[in-house]
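Here the structure comes first, spelled out in structure tokens, and everything after it is commentary.
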Amino acid sequence: MKKISIVALLLSMTILLNSCGVMFGGSKYNGTITVKDHPNAEIYVNGKKLGNGTATSLFPRNKVLAVEVRESGCETKTQTFNNVFRTGNFILSAFSWGLLGILVDIATGASFKPDHKSNPSVKKESTKDFTFTVDAPVCK
């Protein structure tokens with residue numbers, strides 16, 4: 001009987017502690033960063049090296065993406081990609097899950113996305129996939 005109660009509790013928590021933002025976008029997104037015309041440029045995101053020329057990683061939705069590009073003989077280039085609020089998911093969470101859904105979306109960061117509408121350097125591939133193009137650094 002105790003085992004059934006625990007399973008029922010875990011199952012109901014799984015169902016109740018979800019929201020539209022978490023279910024349809026998650027708290028992270030897959031981002032691909034490409035440096036225009038510089039395949040050997042080192043890509044750093046929030047201080048961590050990810051790769052050269054092109055790098056792909058999972059990024060939290062609720063954090064600004066600060067990309068730094070370094071290449072020998074070139075100036076260091078820094079570009080920041082801001083997030084925006086996912087209004088559609090917020091409305092769906094409010095209607096389908098109520099206050100709990102809104103709180104879950106905000107707490108997990110699922111209520112944000114990269115600003116692909118205002119920034120032409122950001123391209124939305126899908127709800128969970130974004131491509132970021134960084135302008136080439138100035139070389140001497």
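Would you confirm whether any residue within the range 34-41 is in contact with a Leu (Cβ under 9 Å, 6 or more places away or on another chain), modelled with pLDDT of 95 or more, in a strand (DSSP E or B) and at negative phi?
First, pick out the residues of the range 34-41 that are in contact with a Leu (Cβ under 9 Å, 6 or more places away or on another chain): none.
Checked against the condition, which is being in contact with a Leu (Cβ under 9 Å, 6 or more places away or on another chain), modelled with pLDDT of 95 or more, in a strand (DSSP E or B) and at negative phi, the range 34-41 yields no hits at all.
Listed here are the residues, each with its yes/no results for (1) surrounded by 12 or more Cβ atoms within 10 Å (Cβ to Cβ); (2) modelled with pLDDT under 65; (3) under 18 Å from the mean Cα position of the chain (by Cα).
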site	(1), (2), (3)
3	no, no, no
23	yes, yes, yes
50	yes, no, yes
54	yes, no, yes
82	yes, no, yes
94	yes, yes, no
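The values are calculated or read from the model by the stated rules, or taken from the named source; none is laboratory data. Values in this document were obtained by computation on a predicted structure and should not be read as measured data. Positions of Cβ are backbone-derived with ideal geometry, glycine not excepted, and every protein chain shown enters the neighbour counts.
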